[in-house]
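Before any comments, here is the structure.
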Amino acid sequence: MTPLDPRQLTLLRLRFLIGAMILLAAIVVGELWLARQPWQPAFLSPWLVTGIAAPLLLAASWLLPLRRYRAWGYDQREDELIVKHGNLIRQLTVVPFGRVQHIDIAQGPLQRALGLATLVLNTAGTRGAAVKLPGLRPDTAEQLRDHIRGKIRQDLA
Amino acid sequence: MTGLADGPRRLHPISMVDNAIKAAPGALIGMVGAVGVLIQRNPALAILIAFGILAFLLLSAAISWWRFSYDIRANEIVIAKGLFSRQRRVIPFDRVRDIAIEQPLLARLVGTARVRIETGGSKKDEGLLDMIDLAGAHALRDLVRDMHRTPAAVTATDQPAAAPVEPVIFAMSIGRVLISGLLNFSLIFIALAFGALQYLDQLGVVDIERMIESRRGGAVAGLLNFRTAGILLLLLALLGVASGVLRTLLRDYAFMLTAGETGLRRRRGLLTLSEVVIPARRTEAARIETGLIGGLLGWHGLAFQTLGADAKEGGVQDAAPFARTDEIAHVLAEAGFPPLPDVAMTRPPARALVRRCGPWLALAGVAAIAARYLPYANWAALALVAMALAASLAWLREAHLAGERSLYVREGLFTQRLWIIPHEKLQVVATRRGPLQRLLGLSGLIPDTAGAPAMGAPRIADLARAEADMLAERLLADFYTARTRVRAGLPVT
């Protein structure tokens, strides 16, 4: 299995960090609000929750995306693409190129900044209607796309 | 008897009435509401509003009839509609899969039909001619059928040759429809009736509380004793059976399946006659359903999963809703589908049972311990044990088989479903392993097909891991060989 581009790990960490920061901000606001209240719970010293949450979230945004990144993988065979993902529920999807209806290459703003792309294979299926393969370098994605396009053309001929 | 004149034509005028009737329930509810609120304060205004709504209904029906036209040309049909924003749709005949003809009660009384031009596109009402005369509908259907036989040889002005009589593959007698209705127990009508009652109560037309109150006044003591409850339940059951029979009779009366040019043609209905083609090329899988009681008596239902066309039935079309095994085998053979499995299917491994029951039983244990402190927890424990039991029963009924021409998947707790997925119809195959499955060395396998329902699509829930990987590879290999054979026009062995 080919791993995703290492920059995908940076992307996953950035995304996780953004979510963690929003959560942390909410916690800080909550603590500020609590500090203004006339009653104070005895067991809660000020900034205790923030003090615990901040390092935990930081550690999580380093480690969890790493696990997620390692769960991803793909294998480009002659006639099909195999995509593997998921940590808790591990899924392995096989898409025969002959079944691909159309191909998308998608890039979000963060992905563009990091030079990454997502390849989306659309089939006529229901569950496998859009098989996504993120974390490719744009030129890899384009190579894959052109290979698949050639295969579809062969298949139609 | 062409019935197909040159130039744009309007729909049958009766469609105005039909449209008005169709829009009526919604308008009526609004009318009842408006009048109910206003009648005491300002009766004149209330009546004016009622008439206004009625007039609007009729006028809009008339206008939409006036602005709707269809034109059958040599190679295409053109449909134009709309008052302010005109829409003109061209449907070339070589894109038309078939013509579905439906005759609701009103249409049958005046000799008209609703025609749906099936293109296999995703939109349902792509080519809907809501009410043209029946002769015209049949002429249009024959025209399209002839086109399929000898492409571009027939034009709209030619006399369409009389359609050949299609061989009947499956039919249901009235007796059989009634038996199937008896097993088609449903409580949906009762729920609907209660819903309607509640709505009327909200509008102040009926007062449910007082209705119940007056009963209670007469029989306070008797209301909750076992006999009354028993009678009530019996009544409910009878109503359920009766509504099931009625529903099935309305739908499946005079059920007939014939072998058409492009696929199987299905006609059925008591009041509303419908005629639908299940296109052979777009039939992706077969599903054989066996009910709990019906199964004991040897009855099964065959349906085909099709792509596009009628989204109303979730893409799964009845082909033989109540049939014996040999009849189903016959329909499958006529449709060019792989036969029913003739060897024993593979059951899921015994350790899969741990995954199915384990979590439920563990929760039941927790609930049983909690029962020492919480009053109702033992009931929860009992319910959880029941869940575990249901899960093991479901496990007991699962099986799969990779046949020569197709994959067979069987599943379902009460209603058992056997899916037949021809190898050449496979789209994407995936294996899935949850945490417990990894612990037990198991894996699920999901064969995806085109038009598969989002809920209740076939899947093999548990397989030994190595077996799942092998099966996925084998399905792929079978897909390529089957597809190559189909491409080459060879029979799929």
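The values are calculated or read from the model by the stated rules, or taken from the named source; none is laboratory data. This is a predicted model, so every value here is computed, not measured. When we count neighbours, we look across all protein chains shown, and the Cβ atoms used for this are built from the backbone with ideal geometry, even at glycine.
Which one of these does A:L114 not meet: (1) within 24 Å of B:V429 (Cβ to Cβ); (2) touching a residue at least 60 places away in the same chain (Cβ under 8 Å); (3) not polar (S, T, N, Q)?
Just one mismatch for A:L114, condition (1).
Which of the helices (runs of 4 or more DSSP H) found entirely inside the stretch B:175-260 contain at least 3 residues meeting this: among the aromatic types (F, W, Y) and at pLDDT below 75?
Result: B:188-203.
Would you confirm, using the coordinates I've provided, whether B:L418 is more than 12 Å from chain A (Cβ to nearest Cβ), surrounded by 16 or more Cβ atoms within 10 Å (Cβ to Cβ), not in a helix (DSSP H, G or I) and not basic (K, R)?
yes
Would you confirm whether or not the stretch A:58-72 contains a residue that is farther than 26 Å from B:R438 by Cα and either modelled with pLDDT of 95 or more or of a type outside the set (S, T, Y) (or both)?
Yes, the stretch A:58-72 contains at least one residue that is farther than 26 Å from B:R438 by Cα and either modelled with pLDDT of 95 or more or of a type outside the set (S, T, Y) (or both).
Taking A:T50 as the residue in question, decide whether it is within 11 Å of another protein chain (Cβ to nearest Cβ) and of a type in the set (S, T, Y).
It is false that A:T50 is within 11 Å of another protein chain (Cβ to nearest Cβ) and of a type in the set (S, T, Y).
Give the stretch A:70-108 a look and list any residue that's assigned to a helix (DSSP H, G or I) and either free of Cβ contacts under 8 Å to residues at least 40 places away in the same chain or within 14 Å of another protein chain (Cβ to nearest Cβ) (or both), or say none.
The answer is A:A71, A:F97, A:G98, A:R99.
Starting from the stretch B:474-487, keep only residues that are more than 11 Å from chain A (Cβ to nearest Cβ), then list their pairs with residues that are surrounded by fewer than 13 Cβ atoms within 10 Å (Cβ to Cβ) and of a type in the set (D, E) whose Cβ atoms are within a distance under 7 Å, requiring at least 6 positions of separation or different chains.
Close Cβ pairs satisfying both conditions: none exist.
Could you look through the stretch A:114-157, keep only residues that are part of a loop (DSSP other than H, G, I, E, B) and under 20 Å from the mean Cα position of the chain (by Cα), and pick out the one that is nearest to the other protein chains (Cβ to nearest Cβ)?
A:G128
Which members of the stretch B:226-264 meet the condition of being closer than 30 Å to B:R97 by Cβ and among the basic types (K, R)?
Of everything in the stretch B:226-264, those that are closer than 30 Å to B:R97 by Cβ and among the basic types (K, R) turn out to be B:R247, B:R251.
Which of the residues that make up the stretch B:386-410 are aromatic (F, W, Y) and part of a helix (DSSP H, G or I)?
If the condition is that a residue be aromatic (F, W, Y) and part of a helix (DSSP H, G or I), then B:W395 is the only one that fits.
Run down B:T262, B:T272, B:T290 and say which single residue is among the hydroxyl-bearing types (S, T, Y), under 23 Å from B:R141 (Cα atoms) and buried (at least 18 other Cβ atoms within 10 Å of the Cβ).
Step by step, each of B:T262, B:T272, B:T290 is checked, and only B:T262 is among the hydroxyl-bearing types (S, T, Y), under 23 Å from B:R141 (Cα atoms) and buried (at least 18 other Cβ atoms within 10 Å of the Cβ).
What do you reckon, is B:L393 away from chain A (no Cβ under 14 Å), more than 30 Å from A:G98 (Cβ to Cβ) and surrounded by fewer than 21 Cβ atoms within 10 Å (Cβ to Cβ)?
Answer is yes for this residue.
Confirm whether A:R67 is within 14 Å of chain B (Cβ to nearest Cβ), of a type in the set (D, E, K, R) and surrounded by 13 or more Cβ atoms within 10 Å (Cβ to Cβ).
no
Does at least one position in the stretch B:339-346 carry a residue that is within 33 Å of the chain's Cα centre (by Cα), under 30 Å from B:L249 (Cβ atoms) and surrounded by fewer than 20 Cβ atoms within 10 Å (Cβ to Cβ)?
There is at least one residue in the stretch B:339-346 that is within 33 Å of the chain's Cα centre (by Cα), under 30 Å from B:L249 (Cβ atoms) and surrounded by fewer than 20 Cβ atoms within 10 Å (Cβ to Cβ).
Among the residues of the stretch B:433-447 satisfying the criterion of being buried (at least 20 other Cβ atoms within 10 Å of the Cβ) and within 7 Å of chain A (Cβ to nearest Cβ), which is farthest from the chain's Cα centre (by Cα)?
Going through the qualifying residues, I end up with B:R433.
Pick from the stretch B:448-468 the residues that are over 27 Å from B:V354 (Cβ atoms) and in a loop (DSSP other than H, G, I, E, B): which of them is nearest to the other protein chains (Cβ to nearest Cβ)?
Per the stated criteria, the residue is B:A452.
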